[in-house]
Amino acid sequence: MSKPAPIAFLDLPRQQARLESGIRSRVDTVMKHCRFVMGPEVVELEERLAAYCGASYAIGVSSGTDALLMVLMGEEIGPGDAVFLPAFTYTATAEVVLLLGATPVFVDVDPETFQIAPASLKARIEAIDEADDLEPRVIIGVDLFGQPAPWNELRAIADQFGLFLLDDCAQSFGGAYHGRKLGREAVASTLSFFPSKPLGAYGDGGAILTDDPERAELYRSLRTHGEGRTRYEVLRIGINGRLDTLQAAILLAKLDAFEDELARREEIASSYDAGLRDVVKVPTRVPNTQSAWAIYTILLPDADARDSLQSTLARAGVPSAIYYPKPLHFQPAYREQHDETISLPVAEALGAHVLALPIHPELTQEEVERVIEAIRNWSASRTK
Ligand SMILES: *Cc1c(COP(=O)(O)O)cnc(C)c1O
């Protein structure tokens, strides 16, 4: 019997085959009008994104990282300011804080959901308040892996301490919290259109969502070098943070298929849940939330089991990934930012246990069954 073809972790060629004609026709339109910077597709996409999330404003920007950066610039975050964020996230969430000279304060995460843990957040804010050398300013909640952060709790804490609340929604466009789409849980929410995110461009891109008209105007200014109402009026220091017209055109075509893709991701997650829950720990479903399933992460009892499963899967042509091998405060770039006498036990342990399975909408049901079977075979061989 011939070996089946390897499964892709992210299958952009198949995705392109499915969506090609719509994308090409959108791209052709841009090639004709040649308004490559801030063309009409950027405005159209902004309107579509805002309507999709029920937000008043969407501002298309150059990446999810620049979106975070500009929101913090908008609050004039800088030296002496403390920004609270989960230790278990992608580096971009913390990187922007340091780029502005402010201090990231790492917070532990929940062992079931991997989301920022409200009790740890509160304790970290109180400790910083007490020590009195940094001013608590911002909480960044991250909707990790497609699942919503605990927004009701985060809002209550932000209100109690008078902090600005930012939603890093890079992985979770399309997810929902208590019946509404993510994008309105914080004062500002940031999206990434990196190709592997639920709504991916053919390059870099991002957006900021807000209901606040003044902040929307501020973000529009910041993404174009701090310009005012006329082009050569410079009100503030900004960046070149615009979304490309070509990326907006591609995203418009992809947005048409997005709800179907979300439904397919949910179907795959349900198949994995049903096929795997008796052999590994499958993701915890939080009541009243819907994941966008950017990433489907199972937990293994220890690093040996995880590594053994990962290499067994690789031999069977099943790709997997480890998000994230280390919490940020263990990374060389951030170590100095963290007081090592403070342990964040969950974030510090997760890296040894996590394994992400392929979950993109191009997976066939047959491939999903192959992933399940490979994991079940591995499990059976270990208990023999
Ligand atoms: C991908 C990602 C970002 C950064 O997005 P880019 O568009 O790649 O700059 C920020 N935060 C999280 C949690 C992400 O996963």
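Some notes on this structure:
- Looking across the stretch 1-24, the residues that are of a type in the set (D, E, K, R), open to solvent by 70 Å² or more (accessible area, probe 1.4 Å) and either closer than 21 Å to Q365 by Cβ or not assigned by TED's automatic domain parsing to the domain that holds A248 (or both) come down to K3, R14, R18.
- Verdict on F145 being crowded, with 22+ Cβ neighbours inside 10 Å, within 16 Å of the ligand (Cβ to nearest atom) and closer than 30 Å to L357 by Cβ: yes
- Scan the stretch 286-326 for residues that are of a type outside the set (D, E), touching a residue at least 24 places away in the same chain (Cβ under 8 Å) and in a loop (DSSP other than H, G, I, E, B) and the total you get is 19.
- Complete set of residues in the stretch 204-239 that are over 17 Å from D66 (Cα atoms) and assigned to a loop (DSSP other than H, G, I, E, B): D211, D212, G228, R229, T230, R231, Y232, E233, L235
- Whichever residue in the stretch 202-238 is within 16 Å of the ligand (Cβ to nearest atom) and not aliphatic (A, V, I, L, M) and, among such residues, is farthest from I140 (Cα to Cα): Y202
- No other residue among T89, T103 is more than 9 Å from the ligand (Cβ to nearest atom) and hydroxyl-bearing (S, T, Y) apart from T103.
- Members of the stretch 25-56 found to be free of Cβ contacts under 8 Å to residues at least 12 places away in the same chain and either surrounded by 15 or more Cβ atoms within 10 Å (Cβ to Cβ) or hydroxyl-bearing (S, T, Y) (or both), listed by number: none
- Residue in the stretch 240-255 that is among the hydrophobic types (A, V, I, L, M, F, W, C), touching a strand residue (DSSP E or B) at 6+ places or on another chain (Cβ under 8 Å), in a loop (DSSP other than H, G, I, E, B) and not assigned by TED's automatic domain parsing to the domain that holds T284 present: yes
- Among the residues of the stretch 257-284, those that are out of contact with any Asp or Glu (no Cβ under 8 Å at 6 or more places or on another chain), in a loop (DSSP other than H, G, I, E, B), more than 26 Å from I23 (Cβ to Cβ) and not acidic (D, E) comprise R277, V279, V280.
- Selection within the stretch 1-59 - of a type in the set (S, T, N, Q) and farther than 21 Å from G200 by Cβ: S2, S56
- When residues in the stretch 118-151 are screened for being polar (S, T, N, Q) and not in a helix (DSSP H, G or I), 1 of them pass.
- Pairs with Cβ under 6 Å, 6+ apart, first in the stretch 57-68 and of a type in the set (A, V, I, L, M, F, W, C), second near the ligand (Cβ under 7 Å from one of its atoms): V61/G206; A67/G206
- Output for the stretch 182-201, where each listed residue is more than 13 Å from the ligand (Cβ to nearest atom) and surrounded by fewer than 22 Cβ atoms within 10 Å (Cβ to Cβ): R184, V187
- Inside the stretch 363-384, residues that are within 27 Å of the chain's Cα centre (by Cα) and loosely packed, with under 12 Cβ neighbours inside 10 Å make up a count of 2.
- Of all residues in the stretch 205-254 being of a type in the set (D, E) and over 18 Å from E47 (Cα atoms), the one that is surrounded by the fewest Cβ atoms within 10 Å (Cβ to Cβ): E233
- Residue within the stretch 154-171 that is surrounded by fewer than 20 Cβ atoms within 10 Å (Cβ to Cβ), among the basic types (K, R) and under 26 Å from G205 (Cα atoms) present: no
- Residue match in the stretch 298-320 (condition: surrounded by fewer than 16 Cβ atoms within 10 Å (Cβ to Cβ), polar (S, T, N, Q) and within 17 Å of E112 (Cα to Cα)): no
- Just one of the listed residues (A333, A347, A352) is in a loop (DSSP other than H, G, I, E, B), under 21 Å from A117 (Cα atoms), small (G, A, S) and within 23 Å of the chain's Cα centre (by Cα), namely A352.
The values are calculated or read from the model by the stated rules, or taken from the named source; none is laboratory data. Quick caveat: nothing in here was measured; it's all calculated off a predicted structure. Because the Cβ atoms are built from the backbone with ideal geometry, glycine has one as well, and the counts that use them run over all protein chains shown. Heads up: the accessible areas ignore ligands, DNA and RNA and are worked out on the full protein's heavy atoms, side chains in. Shrake-Rupley method; radii C 1.70, N 1.55, O 1.52, S 1.80 Å.
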